1. With respect to Met243, determine if the residue is surrounded by fewer than 15 Cβ atoms within 10 Å (Cβ to Cβ) and of a type in the set (A, V, I, L, M, F, W, C).
2. For the condition part of a strand (DSSP E or B) and either away from ligand 2 (no atom under 16 Å from the Cβ) or surrounded by fewer than 19 Cβ atoms within 10 Å (Cβ to Cβ) (or both), what is the one hit in Ile183, Ile237?
3. In the range 314-341, how many are crowded, with 22+ Cβ neighbours inside 10 Å and assigned to a helix (DSSP H, G or I)?
4. Could you please give the count of residues in the range 145-174 that are farther than 22 Å from Leu234 by Cα, at pLDDT 90 or above, away from ligand 2 (no atom under 15 Å from the Cβ) and aliphatic (A, V, I, L, M)?
5. Of the residues Val315, Val306, Val288, which single one is closer than 23 Å to Val150 by Cα and in contact (Cβ under 8 Å) with a residue 60 or more places away in the chain?
6. Considering only the range 98-124, state which residues are of a type in the set (Gly, Ala, Ser) and either modelled with pLDDT of 80 or more or part of a helix (DSSP H, G or I) (or both).
7. Could you tell me which of the residues Ala224, Ala175 is closer than 14 Å to His91 by Cβ, aliphatic (A, V, I, L, M) and in contact with a strand residue (DSSP E or B) (Cβ under 7 Å, 6 or more places away or on another chain)?
8. Is it the case that Lys127 is away from ligand 2 (no atom under 14 Å from the Cβ), at pLDDT below 90, of a type in the set (D, E, K, R) and surrounded by 14 or more Cβ atoms within 10 Å (Cβ to Cβ)?
Amino acid sequence: SGSLTVGELAEKLNKDSSEIIKKLMSLGVMATKNQDLDADSIELICEEFNVEVEEEVIVDETDIENMTFDDAPEDLQERPAVVTIMGHVDHGKTTLLDRIRDTKVTEGEAGGITQHIGAYQVEENDKKITFLDTPGHAAFTSMRSRGAQVTDIAILVVAADDGVMPQTREAINHAKAAEVPIIVAVNKMDKEGANPDRVMQELMEYELISEEYGGETIFVQMSAVNGEGIDELLEMIVLVSEMEELKANPGRPAYGTVIEAELDKGRGPVATLLIQNGTLNVGDAIVVGNTHGRVRAMVNDLGRRVKTAGPSTPVEITGLNNVPQAGDRFLVFEDEKKARSVGESRAQAQLEAERSSTAKVSLDDLFEQI
Ligand code: GDP
Ligand code: MG
């Protein structure tokens, strides 16, 4: 696309304007030196002079954004829910995540070795669920500040012996701002002094009203330590994800969000991606934030090499030219040249922005790690 005047084209082709005008006349087009030429005429003239036209890659972020919203309804299929666990410090988020992974993921896995890639999947009643292992608050703040919404369902962990605390409120605010459904996990039910009724009453103030109190919020009483209620929690997640009718199109090029990324001594830049739509393949030309490359190798949450990965799947990839950031979006391009051009122009824009901005404190730094 783009246009040139006769004079500009002449300059590019190292010809005199009169030669171009003569060629145009022979093609039946009358033109002056300052006349704009359309793409077709430019191509014709180039052919006449035996010049090969290389299409210029134009990077338009709006075009890129638009590439992610064009699925036909008939191409959409059910996809697993992506779940984030949130709540006050010490209320049991990490213990719950570990418990679910240990009881569900390692079942039947040779050696029971699971690699930590920042997210994992489990199966409940033949339905997959994807759990994000990243700090719940960071997942919401840094990712949402970049327009990326990765979470479908928030699990709000509240210790039954402690009740609603400051970070409980914060978590509720994040989930509500993101308009994601909340399931309340009333944890530490094994402890003396566990008081689930108090938790239910305290949460009414935040419009999280249990069925017992006439509301619709799902509360699951559980213990991350002895495993009580874990199955029920997983069943409720499946129930909510069915109500949400989560869908994606596995037949399109993949896009999604970076969960975490680092520089590995041996493998170079390594990024854990959550595929939100489409299917990612080894060999795909990809732009990840300001970085780009071809997917060299992909590893799933069980540490296994995979060649393809579909919607809601977390995978770790190598092959990028640089380390992207958590919360960066990624997108596969059919054309490697275009991927490189987009990646390079973004990196350039970032360099320029960094030069002109002063240091900022990252929100993530202010929040606890899960
Ligand atoms: P986080 O800060 O929310 O990630 O909380 P942790 O998972 O690190 O748990 C904080 C402490 O509470 C640890 O000592 C856990 O062993 C303990 N804990 C977590 N869940 C339970 C539970 O269901 N019952 C009991 N008794 N202790 C728990
Ligand atoms: Mg923790």
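1. yes
2. Being part of a strand (DSSP E or B) and either away from ligand 2 (no atom under 16 Å from the Cβ) or surrounded by fewer than 19 Cβ atoms within 10 Å (Cβ to Cβ) (or both) holds for just one of Ile183, Ile237, which is Ile183.
3. 1
4. 1
5. When all the criteria are applied, what remains is Val315.
6. Ala110, Gly111, Gly112, Gly118, Ala119, listed by residue number.
7. Ala224
8. So Lys127 fails the test.
The values are calculated or read from the model by the stated rules, or taken from the named source; none is laboratory data. Predicted, not measured: the structure shown is a model, and the values here were computed from it. Counting neighbours? That spans all protein chains shown, and the Cβs are built from the backbone with ideal geometry, glycine included.
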